[in-house]
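The values are calculated or read from the model by the stated rules, or taken from the named source; none is laboratory data. Because the structure is a prediction, the values reported are computed rather than measured. In this analysis, Cβ positions are derived from the backbone assuming ideal geometry, glycine residues included, and neighbour counts consider all displayed protein chains. Accessible surface areas use protein heavy atoms only, side chains included; no ligands, DNA or RNA. Shrake-Rupley method; radii C 1.70, N 1.55, O 1.52, S 1.80 Å.
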Amino acid sequence: MERSLSMELVRVTEAAALASARWMGRGKKDEADDAATSAMRTVLDTIPMKGTVVIGEGEMDEAPMLYIGEKLGNGYGPRVDVAVDPLEGTNIVASGGWNALAVIAVADHGNMLHAPDMYMDKIAVGPEAVGCIDIDAPIIDNLKAVAKAKNKDIEDVVATVLNRKRHEHIIQTLREAGVRIKLINDGDVAAAINTAFDHTGVDILFGSGGAPEGVLAAVALKCLGGEIQGKLLPQNDQELERCKKMGIDVNKTLRMEDLVKGDDAIFAATGVTDGELLKGVQFKSSIATTHSVVMRAKSGTVRFIDGRHSLNKKPNLVIRS
């Protein structure tokens, strides 16, 4: 992949964030998602790449844009697989909550898991705890291993979990262990990424969420030197059959190389609402500001970008600060 592609992808997430942020707190998650998807699609057409969506808004008959199999880019440049989540946290935006992101990830063609749209059990950590976790091990064992790796007492470890009824046993186990817990209502891509940045205060992610989001998080953590493990959780015979057709063993633990292969991948995200890692979009008269992160696995480079956008011009015209 070309180095310049990293900065091009930031334009994509910025456009999606700017479009969806207008819907913050208005209780209309579908409208927010549609705005993000449309804006992202428009800018993607200008990107110098030969892209194919492997994780998107759905199948062709479900999504008019950014559907799985859709071709993206201007037809020039590297051939890549593309994973998109134009608005990671539609409910977050609808309610004006924290950690909504516009997200895109790319990898060389054939290197990204075509994750079916179903639940995935996940465990994720940052660089200091790589090699210390095991999704099949008891929660307490993983907590002790992460505490040791990060030179912390177990009661100082912070675990993030989606606040769902299905996670009651995880939450109870964490409380019995005495760790600190950050319950989130949505947005486990951001939660997984947060484990790789000290200033977010998050050490480990537990619990099940969307499988496509698991692959997006894996690309980010590959760039950051972190780790995520996953196991698909089909809920019915139809989902189980889909896994079989895709050649995916539901009993297999999916590790980093299963989720995103190779030595190169790029991840970009722009904050839609405020979060621990990224600030959300702010509108100020004729100016909007954005806060983004872009990272590349091959170089290990992580860039935080403050964007200053003129609202009197086309959305993809950006003045950098």
#### Entry: Candidates VAL215, VAL294, VAL272, VAL281, filtered to the one that is assigned by the TED database to the domain that holds ALA191, in contact with a helix residue (DSSP H, G or I) (Cβ under 9 Å, 6 or more places away or on another chain), within 24 Å of GLU8 (Cβ to Cβ) and surrounded by 21 or more Cβ atoms within 10 Å (Cβ to Cβ)
VAL215
### Message
Is it the case, given these coordinates, that GLY207 is modelled with pLDDT of 95 or more, within 18 Å of VAL161 (Cβ to Cβ) and in contact with a helix residue (DSSP H, G or I) (Cβ under 6 Å, 6 or more places away or on another chain)?
### Response
yes
### Message
Please determine whether any residue of the range 105-123 is touching a Gly at 6+ places or on another chain (Cβ under 6 Å) and among the small types (Gly, Ala, Ser).
### Response
no
### Message
I'm told ILE170 meets every condition in (1) touching a Phe, Trp or Tyr at 6+ places or on another chain (Cβ under 8 Å); (2) open to solvent by 10 Å² or more (accessible area, probe 1.4 Å); (3) modelled with pLDDT of 95 or more; (4) not in a helix (DSSP H, G or I) except one. Can you identify the failing condition by its number?
### Response
(4)
### Query
Out of ASP134, ASP117, ASP61, ASP81, which single residue is at pLDDT 95 or above, open to solvent by 30 Å² or more (accessible area, probe 1.4 Å) and of a type in the set (Asp, Glu)?
ASP134
### Task
Would you confirm whether any residue within the range 96-112 is within 23 Å of LEU277 (Cα to Cα), in a helix (DSSP H, G or I) and either open to solvent by 10 Å² or more (accessible area, probe 1.4 Å) or modelled with pLDDT of 95 or more (or both)?
no
